[in-house]
1. Trypsin sites (Lys or Arg not before Pro) within the stretch B:18-75: which are DSSP loop residues with at most 15 other Cβ atoms inside 10 Å?
2. Using the Cα gyration tensor of the stretch B:117-222, with a ≥ b ≥ c the square roots of its eigenvalues, what is the shape: rounded (a/c below 1.5), prolate (a/b larger than b/c) or oblate (neither)?
3. List the extent of the Cα atoms of the stretch A:179-228 along each of their three principal axes, largest first, rounded to whole Å.
4. With a Cα-only, solvent-free Debye model of the stretch B:129-174, what are the log10 I(q)/I(0) values at q = 0.29 Å⁻¹?
5. Where a ≥ b ≥ c are the square roots of the eigenvalues of the C-alpha gyration tensor, would you call the stretch B:201-335 rounded, which needs a/c under 1.5, or, failing that, prolate if a/b is larger than b/c, or oblate?
6. Kirkwood hydrodynamic radius (Cα pairs, Å) of chain B?
7. Past 26 Å, Cα to Cα, is the threshold; run A:K135/A:K158; A:K61/A:K158; A:K61/A:K135; A:K102/A:K158; A:K524/B:K454 against it and keep the listed order.
8. At 0.36 nm per residue, minus the direct Cα-Cα distance, what do B:T353 and B:D226 gain on full extension? Give it in nm, one decimal, please.
Amino acid sequence: MSNTPYLSLVLAARNDDHGGNMLGRMQAFVDSWMFQAARYNLDSEIVVVEWNPPPGRPRLKDELRWPAHPSPCDVRFIEVPREVHDRFEHSDVIPLHQMIAKNVGIRRARGEFVMVTNLDIICSPALMQFLAGRKLERGVMYRLDRTDIANNLPDGGKVDDLIEFCERNMLRVFAREGMLDGESLPPEIDHDIFAKESGLRPGAGWHDIEHSDYDAYRWTEAEAEFGFERPRGAAPRLVMDLEAGPSAGEAPVTLEFIDPSGTVVAASPLTGRAVMRLHFPPELTSGRLVLRVRGRGLPLIRDPRILNLRVLGMEWEPAPDWMQSAAVPAESNGPAEPEVRVLSTGARQIQFVVRPAPGESLRKIEVAVHDAAGNAILQAAEHTQSGGHLITLNLDFEGNDGARTTSPWLLETVRAMPASDWPASYHSLNPRAQAIPRAAYLHTHACGDFTLLSRDDWFALRAYAEFTIWPMHVDALFCYSAFHAGLREEVLRDPLRIYHIEHGAAAGWTPEGEHTRLARLQSKGLSELQFSEVTQWINLMRRFNAPLIFTLEQWGLADLDLPETRV
Amino acid sequence: MLDRPYISVIAVGRSNAANLAFTTHWNASAQQYGLSSEVLIAPPPGRNAAMRQARGEFVLCTRADAEFSSELIQFLATRQLREDRLYRLDCHMQGPDFTALRTREGTFRLTAEGLRENAARDIAPGNSGIHFGEGWFPPEGAPEAFRWMENRAEILLQGGGAVELEVEPGPGAGPLAQTLRVLDRRGVTVAEFALRGRAVLRLWLPADAGGFRLETPDGGRALAGDLRILNLRCLRCERVSPPTPAVEPRSLESMQPTLLRLLSKGGWLQLPATMSLLNPTGSGVFGPGIEYWGEGWHRLEQSGSEQFHWVDRDAELVVRIPAEPQDLCLLVEPGPSLHGQPFELVVRLAGGTEIARAKINGVTPLRLPLPFAPGSAARLLLSPDRVGDPLLPGDRRVLNFRVFACACRTSARPSAEIVHAAAWPAVRVRETPAAIDWVERLAPAQAQLQEIGKPAFLHVNGCDFILLSRRRWLELRGFPETGDLPEFMEALLCYAAHFAGAEEEVLRLPLRMTRPWDENEPTPLDDELIWMITQMRRLRSPVIVNGEGWGRE
């Protein structure tokens, strides 16, 4: 430990058993951090702001167990007494002004970098190693998905057991684009754009399913990953219902499919809405692809997301039954069963099967090929008396330099469809969109559990807004301020994780507890920032291309000399 | 000059000549009055850079084409500026042949006397001599023009007499009924109304009043889409001439029924007085000197050749005393609710002070000296000393007495005691339901409006004079540095300063700033910025738009 540690952790708490088994969860946090800080030699300090300690209850420091072994982590408790708490509006119904408390800690943090978190967070070993690697940069706002875990933590106090428990008991993940299941995948739901038995599974980059009057759809991030496992009987072609989103403006978006090696295997522009078909190499039956969309990225007025593309459906093209015999390649192009089926439209070969209807026979096959001017350049005719025929036309293309390569991948537009009237919809563009120089959809989900910046950056931004309403979304507001002050968002990826120990409803945000939480606020006469209001603040930052700062020079109760205790 | 001047002046200028003239003039004035100051000339985008260089304890941001009154320089030299204030100033703009004033409420051309001119479509005609001062927004609305007023608003006019106002509570007033208070120019409350809807109010001003001020003590509530405080709208404000009753000498025959009842009670001696009262009443009962009769009087009735008003109690009258003392002359008769029995008629001032009492026995002529100073007016209430019940079949009214004639006449025996009523006569001529139910209209935003409470509406109409402590400027990181219009950013700065703890103080004449006329009015704030300021009000928090590197680019 040093006087200027590399990293300060700041959290706010009071010994009121908030959320149930609070001390147990906090003990897990303390144990895991201090043990791993020692293991990976991470020079750090934990700054606990003990806000408005409940009278008659021990201080947190005295309730928790502290490791006997030396640690490169200092632990400081800064107390905000009740008299100070009582100065704030709503002090009678909000016992802990969380964001102000965190500001108290940030203001007094000594680390070169400051990570603001909560008392029930456990960092994965990979994250601890990353932090210990001292690769953090100024001018970057580090964010992370939050992984919720079950709260029946193992007894015994061994941190390795705790980490293993975390890895095996993941309930859900809060990612930028929404809530994922314990495997970091969008939860399987009925009536999704991916049919359950389709062999298609969305990965990262898909927003939660949404519904209009007629459609279900998912918006994509700039990159949306999906896994595929082509069922037997499906043609190696994926049929997709896609639409360029409002963020594309009037311009087309470019779609690219990228294989795991990073190669763009197929690409095509898309204007409006269309049914598109992606041809796979016939031998490729499973794997993963990334759908990348390149659009103008224009911001909207009611939604902070950048919506360049939505996917309304994605399914394999089925092969008809009669083609699934061993004699015929298991391929097909059409959803119905015509008498002539095009099997392949590869760059060098066109195949199609002709099969007479029952009771009929094929007497003659004639082939005629005309050039673009209509001149017959090839004519052939053969009599035949047999049944089905596979007709193959081999084409030999030659580039000017003779070096053109061919690909089994192809992305083609099958049918253009009427586009949505975005300006008239909820997803209309921000009227100033064309003049907004910089807009991004940040990862603000559960950002109160992990936001890491250099101490200088926290100070330049004067930390969180110190509103005395319920602090919902205040942390997200800060993230956008940081971004519009010029900081770059970097979302740390697996296996860098934070695990959040599940707690009782109405303590923090959980999907299950939301109803209870709102009822509690209403009963106390408290308000909070609505999502629509956060969007308006974001719109203003985008308009100004500047941060919005809600605090003054004395943020974090800088003018107060608060009692501090060290462990 | 001291190492650290008291005040730094950042003047935005485009012309070298103007910049030089400003600097020369300011420095000369500062030297004359002992004001320690420095002048920094900056191009419009360079204000923040200059702010960072400023060394003064206070920093004034203004224009290089502005001139300041010597009183302003003297005021600054007294070093009375406060750290917790945001100082602003109305701006006088000098046109080729007129002066206009940019105030918190709007921009107004001024009369030669320095009063705000009425607009072509206004709530008072331009030639009425009525002017709307501080607290009144410019007229708006079509086809019916109206003006909104804030928490207090001033009406200026010369001479006394009756003035009628048609008003309606606005969204700032809150649930009805709302109090509207009238104060004289010394700040003394002279009348008060409880408004429940659109009301026509009439006030009688003393000759030396010079005007009055309206206040809505429980007003000041916020709106969601408008930063102004709109407590009350006034649709009409005009002088009202005293009524001129038609004087038609009545025939003896038409007076006969009344006179016969007088005589039947032995009232021979009162016959001349009674005839004198009845003779000129013409088509009604009210004669000269009665400027108004309102509540408490039942409708004019006619029975045979007799005309009269029945009264229950508190029959309202406004009388005006010309140069000579006056008597209130009445012809009264007990009514069926009192079984026609004698009673005492009590004349009180609206505030309750009894000024006369007389016995009524049958048809009775009265002549009651009015103890008021010449030139004044008074609101009187006539009541019986006791009250009966409705007694006529099919008529639910209480008919305590009836009045056949009511007028003022020059007094032969003036009252020795002069009653000085603090209150001005004030009546509600009529009231109808409000055109807009604001409580209902604002219901969707009610929760948030309640959080906001009663905010301040700042003077952001042309911010050519913003004076804050240097510490405050630095804390607020100067003017927002965005590509938006300067007036937008100045308004945001002012509101941020306010919510950072700097209370707005608009300096008043003779502290004065003058600049050349600019026909381009500041662009009104757009909806996004209004929302932003509304949220500052709700969250009681400043919003600072600049990062740490402000003023460096």
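1. Working: sites: B:R47, B:R52, B:R55, B:R63; in loops: B:R55.
Here the sparse-neighbourhood loop sites are B:R55.
2. Working: a/c = 1.68, a/b = 1.12, b/c = 1.50.
It is oblate, given that a/c is not under 1.5 and a/b is not larger than b/c.
3. 30, 26, 19
4. Reported log10 I(q)/I(0), two decimals: -1.27.
5. Numbers: a/c = 3.22, a/b = 2.47, b/c = 1.30.
Because a/c hits 1.5 or more and a/b exceeds b/c, the stretch B:201-335 counts as prolate.
6. Numbers: mean 1/r = 0.0365 Å⁻¹.
Value: 27.4 Å, from the Cα pair sum.
7. Details: A:K135/A:K158 28 Å; A:K61/A:K158 20 Å; A:K61/A:K135 31 Å; A:K102/A:K158 29 Å; A:K524/B:K454 22 Å.
From the list (A:K135/A:K158; A:K61/A:K158; A:K61/A:K135; A:K102/A:K158; A:K524/B:K454), the Cα-Cα distance tops 26 Å for A:K135/A:K158; A:K61/A:K135; A:K102/A:K158.
8. Numbers: separation 127, 0.36 × 127 = 45.72 nm, distance 4.50 nm.
Extending this stretch completely gives an extra 41.2 nm.
No lab work stands behind these numbers, since they all come straight from the coordinates. Given the structure is predicted, the values throughout are model-derived calculations rather than measurements. Note that each Cβ is placed from the backbone with ideal geometry, even for glycine, and that neighbours are counted across all protein chains shown.
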